[in-house]
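*Asks:* Quick one: structure below, then a few questions.
The numbers here are math on the coordinates, done by the rules we state, and not lab data. As the structure is a computational prediction, the values presented were derived from the model and not from experiment. Cβ atoms come from the backbone with ideal geometry, glycine included; neighbour counts cover every protein chain shown.
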Amino acid sequence: MSGSGFGNNQFSLGVYIANFPNMPEYQELSNLTPLTQGEIYAIGQACGNGWRKVFNVYAKLIYALNSSKIEDVSAFSRWQQYRDEAMLQSGSNIALLFSSPKFLHVERCVKIICGRTYAKALIKTGALNAELTWLDNEFAIDEQNHVIVCPYFDYRQLSNKKIDRLIKLIISFKI
């Protein structure tokens with residue numbers, strides 16, 4: 001798998017997001033790069049509450065999912081500990097991507113696109129080749145390519161109830 005962002009090149013679950021942290025060191029990312037301990041905190045400090053929310057919602061999702069096939073978080077007592085000590089770092093099985101999704105039918109991983117607006121923009125420009133079935137105004141899936149479109153990773157848009165729904169959709173792919 002290819003793309004630019006944070007995490008593991010051989011990810012089991014990748015989240016695609018329209019923007020990237022506005023920091024000089026991330027302006028020229030051309031591949032997936034594992035974060036180091038403290039880097040999520042530094043991004044939150046430098047880029048504000050929006051990025052803190054993205055990382056927090058992602059950590060809550062993975063912690064609640066707790067799938068050994070995707071990311072085993074059983075060694076952590078809280079989602080905050082997982083976020084700070086392992087998420088998107090070397091050895092992690094997830095990714096946060098700032099590039100357009102590229103899908104191969106042989107890939108056995110889950111791809112999550114953050115936000116209906118981003119997904120529709122990708123489709124309109126031809127950057128997303130997926131057969132999306134819209135389940136409602138916020139969630140869509142492409143079962144063949146293991147793609148899910150969900151609300152943006154923000155507490156107001158992706159509440160705990162919606163995180164639970166997203167987890168059910170991820171599990172439904174039986175990866």
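*Asks:* In deg cm²/dmol, rounded to 500, what helix-only [θ] at 222 nm does the chain give when every DSSP H run of at least 4 residues adds -39500 (n - 2.57) and the total is split over its residues?
*Replies:* Taken over the chain, the calculation gives -9500 deg cm²/dmol.
*Asks:* When Lys and Arg each count +1 and Asp and Glu each count -1, what net charge do the other residues less than 12 Å away from T33, Cβ to Cβ, add up to?
*Replies:* Taking every Cβ under 12 Å from that of T33, the sum is -3.
*Asks:* Roughly how many debye, to the nearest 20, is the charge dipole of the chain about its Cα centre, given +1 on each Lys and Arg Cβ, -1 on each Asp and Glu Cβ, and no other charges?
*Replies:* 460
*Asks:* Within 10 Å of each candidate Cβ there may be at most 12 other Cβ atoms; applying that plus a DSSP loop requirement, which trypsin sites (Lys or Arg not before Pro) in the range 1-107 survive?
*Replies:* Sites meeting the loop and neighbour criteria: R78.
*Asks:* Something else: Go ahead and collect, in residue order, the members of the range 154-175 whose backbone nitrogen is under 11 Å from a label point 7 Å along the Cα-Cβ direction of K69.
*Replies:* 170-175
*Asks:* Take peptides 115-123, 147-155 and line them up by average Cβ neighbours within 10 Å, highest first, as a rough protection proxy.
*Replies:* Packing proxy ranking, top to bottom: 147-155, 115-123.
*Asks:* Can you tell which of I113, I163, I43 shows the greatest fluctuation in a Gaussian network model of the chain with Cα springs below 10 Å?
*Replies:* I43
*Asks:* Of the options Y58, Y41, S100, report the single residue whose Cα projects farthest towards the positive end of the charge dipole of the range 41-112 (beta-carbon charges: Lys, Arg +1; Asp, Glu -1).
*Replies:* It is S100, whose Cα lies furthest towards the positive end.
*Asks:* Lysines within cross-link reach of K120: Cα-Cα under 19 Å, excluding same-chain residues under 8 positions apart?
*Replies:* K102, K111
*Asks:* Also: Cut-off 10 angstrom, C-alpha nodes, Gaussian network model of the chain. Which of Q80, Q144, Q27 fluctuates the most?
*Replies:* Result: Q27 has the largest fluctuation of those listed.
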